[in-house]
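Take a look at the structure set out below.
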Amino acid sequence: MEIPQIETFLAVATFGGFHRAAEALRVSQPAVSARIKALEESLGVMLFVRSRHGLTLSEAGRVLRPYAEQLLKTASIARQAVHQLQPGSQSPLQIAAALSVSVYFLPDVLQKFQKAFPNVIISIRPGHSKEVLDMVLGEEAEIGLARSLQHPEVETISLREDPLLLVTHPTQGPSKSRRARLEEVAAWPLIFYERGSSDWTLTRGLFRNAGLVPNVALEVDTIETAKRMVERGLGLAFLPLIAVGPEVRRGELATIKLLNAEPLRRSLDLIHPRHRPLRAEAQSFLQVVREVVRERSQANVKPKPARKK
């Protein structure tokens, strides 16, 4: 049983097929097939079965999966322990971060981190969530911060829920009850942002799946622009909690609960390579991130009553 075989087994289990696993691992499909075959022969069992629904784990595969994940984690810890014996480099700590994370979360993290570790140089590389993942996989960044990221080659730490909330001006919005059906929302002036992003796709899909065409009054480039438009009473928008939490707590924005639609769930995630050890600086950064998340989670996100004119 070899580490590459375990990595490949988890990739196939995650993606449900040899072809997609090969793409994720950046190896040929025959190489994936050979690794799985060698692993099955060494264990004397079949790990996958084919059905009408595609490739799925066999009973033996389901038993193996948690142990395989633990094996890779242990291997990573071992590499890290050996790595720490070597003289550390003074290269900057490369952090890849989604644009929304860079604007609404990182400033608090960097303030706290640099106060505790003033000699560590940090380089922030912004991008959309997929670009963050690509930078971490391509070893251009040691840590990635984005929303709802999963990949077999990275360790994902979900830091907190970050759903998309339907927000409106507290006094000029169309709903005084703060509750509405999706059909009503579709007719209201809506503000969309970052065309092609995951938030844009999720919001579009919410209406499309219900057979509705939203009334898009404005389409803007960033979350912050959309928020400013809502604050001026120009429309409503589905915005991430990370971006509007303070304004909702202060009563500067109000949220509307959808009565007949599932919430648009997202999470704020930290990722790092599963098989590449983190430097001491990166481990310290991870600890500070967790501290900031804990501090923020203690804030009361319940909106205040709408301000009177």
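The values are calculated or read from the model by the stated rules, or taken from the named source; none is laboratory data. None of these values were measured; they are calculated from a predicted model. With ideal geometry, Cβ positions are generated from the backbone for all residues, glycine too; neighbour counts draw on all protein chains shown. Keep in mind that these areas ignore ligands, DNA and RNA; they rest on the heavy atoms of the full protein, side chains included. Shrake-Rupley method; radii C 1.70, N 1.55, O 1.52, S 1.80 Å.
What to note about this one:
- From L239, L218, residue being at pLDDT 95 or above and part of a strand (DSSP E or B): L239
- The stretch 43-69 - residue that is more than 24 Å from V154 (Cα to Cα) and at pLDDT below 90 and, of those, most open to solvent (accessible area, probe 1.4 Å): R52
- Restricting attention to the stretch 24-42, the residues that are in a helix (DSSP H, G or I) and either in contact (Cβ under 8 Å) with a residue 60 or more places away in the chain or surrounded by 14 or more Cβ atoms within 10 Å (Cβ to Cβ) (or both) total 12.
- Residue list for the stretch 43-71, filter: among the aliphatic types (A, V, I, L, M) and not in a loop (DSSP other than H, G, I, E, B): L43, V49, L55, L57, A60, V63, L64, A68, L71
- Only listed residue being touching a residue at least 12 places away in the same chain (Cβ under 8 Å), surrounded by 15 or more Cβ atoms within 10 Å (Cβ to Cβ) and part of a helix (DSSP H, G or I), chosen from E184, E224: E224
- Consider the stretch 1-23 and keep the residues that are open to solvent by 70 Å² or more (accessible area, probe 1.4 Å) and part of a loop (DSSP other than H, G, I, E, B). The one that is nearest to D134 (Cα to Cα) is E2.
- Any hit, the stretch 157-173, residues being open to solvent by 40 Å² or more (accessible area, probe 1.4 Å), farther than 22 Å from G233 by Cβ and not polar (S, T, N, Q): yes
- Considering the stretch 259-271, and only residues there that are touching a residue at least 12 places away in the same chain (Cβ under 8 Å) and open to solvent by 30 Å² or more (accessible area, probe 1.4 Å), the residue that is nearest to L159 (Cα to Cα) turns out to be R265.
- Being small (G, A, S), open to solvent by 50 Å² or more (accessible area, probe 1.4 Å) and not in a helix (DSSP H, G or I) is a property that holds for G211.
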